[in-house]
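Below is one structure, written out as structure tokens; the observations come after it.
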Amino acid sequence: MSRTIAIRREDKSIWEKRVPISPEGIRKLRHSDVHILVQPSKTRIYKDEEYAHFGAKLTEDINHSDLVIGVKEMPIQSFREGGAYMFFSHTIKGQPHNMPMLKKLVELKSTLIDFECITDNNNKRLVFFGKYAGLAGMIDTFHTLGIKYQDEGLKTIFASVKMAYQYGTLHKAKEALKVLADHVEKHGIRPEIQPAVFAFTGYGNVSEGAQEIFDIFPYIEITPAQLLQLDKMEIPANVLVKVVFKENDTVELIQPTGEKFDKQHYFANPTLYKSKFFPYLQHLTCLVNCIFWANGFPKLLTSDECDTLYRNPANRLKVIGDITCDLNGSIECTKKATQPDNPFYVYDIDKKDIVTDLKGKGPLVMAVDNLPCEVPKSASDAFSKALMPFMPELAMLDTTLPFADAKLPEPIKRAVILWNGEFTPAFAYMKNFIK
């Protein structure tokens, strides 16, 4: 049975150059009984001709494809009745701005597969851009810190760090940072900013990417407990300081039981917990936020706590690199997402709002929400490689079957939110989002 898969042109943002399947991926599919359609694009990281070279057909009309694949959310007018779509829908938390899209897919009796939900038996994500959000996000956070110090009249090594996209490739960015790292190792950092302490919340793909960039520099790692005793420690001048926070470092039961922290209990019952993160914040130079967060989970930093923190003369926190970028979420002063050409703002504690001129009293927040776009080729290649093992069976997607009988790999089946307009059992809770 011959099937047709279409790769949609991305149009949500001028920064979006990523692809779900690379030309190399098309090459691997060309010998199967699958026709590949590709919408032409002038912004895609790979040229149209590179897809055509491996047998893809360039066409605007992809409406009747058996499966349409994209990266970001698709506009409502692009859906057809009974169509099948695969992309990051950003709907599973009930994100309000995407509920009209979800409702339309239900009305059209369409099928929706979400990349975010492709997981193994241990709920570990298998197809993701998260590491590249971390890689680009840490570069951008270093850049933001350089701007902050420069505004305070201090020229530091961070002032030489550009935004990730300005390097052209991830390799070039890393090479440039290695030069700065050598300088730190040989000459140290300015006395005025010692010790330079960077905290990472989380330890998943996003945090791994961020730490990979940070680890280019010479550093020592300390525990959260040691951070509270930082003023009693002797830190060499030629290193940065890293602290990684896990769940048991940031939250605790509201009603203590005396038992050891249970991560599974926390994720199943987040409302029974409260944050204990605030005492650490004044000792940091930079907070790099990489955690999963959803409504009902404790916040790492509330607006009220931010007010208290920035009225404390002992506070050292300059920059928050909020890579997860949940608006009003775990970092409550992340009020707005930014773009790579205008990546940060100050959350002003007096105005209780954001200001863009650096003169406000409060943290400088880097909140770019499309960070992998800054390293589109590396991110796309890794994503495509992870997706390809599932493509032969995805190419044979048959939505005429009942969902229970669908011949899909289990990780993909877990990612099916809608099947012919009906919520699958794992996502039945989402019916309440569109009422």
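Taken together, the values in this text are just the output of simple stated rules run on the coordinates, not laboratory data. From a predicted model like this one, the values you see are computed outputs, not experimental measurements. Neighbour counts run over all protein chains shown; Cβ positions are idealised from the backbone, glycine included.
Structure notes:
- In the range 130-374, taking the dipole from charged Cβ atoms about the Cα centre, the farthest positive-side position among Q264, Q226, T285 is held by T285.
- Cβ charges +1 (Lys, Arg) and -1 (Asp, Glu), total dipole of the range 130-374, debye: 240 debye
- Each Lys and Arg Cβ is given +1 and each Asp and Glu Cβ -1; about its Cα centre, the chain then shows a dipole of about 300 debye.
- Dipole of the chain, positive end: most advanced residue of H53, I354, I21 [Cβ charges, Cα centre]: H53
- Global geometry of the range 130-374, whether rounded, prolate or oblate, following the gyration tensor of its Cα atoms and the 1.5 cut on a/c: rounded
- Annotation: lysines with alpha-carbon distance below 28 angstrom to K232 (same-chain offsets under eight excluded): K148, K155, K186, K242, K246, K276, K318.
- Phi-derived couplings, Karplus 6.51 cos²θ - 1.76 cosθ + 1.60 at θ = phi - 60°, listed residue by residue for the range 363-373: x, 8, 10, 8, 9, 5, 9, 10, 4, x, 4 Hz, with x used for Gly and Pro.
- In this structure the amide hydrogen of C290, modeled in the peptide plane, comes within under 5 Å of the amide hydrogens of T201, none closer than 5 places in sequence on its chain.
- For the chain, with +1 on Lys and Arg beta carbons and -1 on Asp and Glu, the positive-most of A196, V68, L102 along the dipole: V68
- For the range 226-369, the square roots a ≥ b ≥ c of the C-alpha gyration tensor eigenvalues yield an a/c of 1.5 or more together with a/b not exceeding b/c, which makes the shape oblate.
- Residue-averaged 222 nm ellipticity for the chain, from DSSP H runs of 4+ at -39500 (n - 2.57), nearest 500: -7500 deg cm²/dmol
- Among beta bridges that DSSP assigns inside the range 130-374, antiparallel share in %, nearest 5: 30 percent
- Beta bridges per DSSP with both ends in the chain, % antiparallel, nearest 5: 30 percent
- Separation of the alpha carbons by more than 24 angstrom is noted, of K103/K413; K93/K131; K93/K335; K352/K431; K274/K335, for K352/K431.
- Packing around the peptides 209-215, 94-100, taken as the average count of other Cβ atoms within 10 Å per residue, puts them in this order, highest first: 209-215, 94-100.
- Point-charge dipole on Cβ atoms (K/R +1, D/E -1) for the range 132-230, about Cα centre, debye to 20: 260 debye
- Set against the labelled values (i) 70, 69, 37; (ii) 70, 44, 41; (iii) 70, 51, 38, Cα extents along the principal axes in Å computed from this structure falls on (iii).
- For the range 410-419, the Karplus equation 6.51 cos²θ - 1.76 cosθ + 1.60, evaluated at θ = phi - 60°, returns couplings of 4, x, 6, 4, 5, 9, 7, 7, 10, 10 Hz by residue, with Gly and Pro reported as x.
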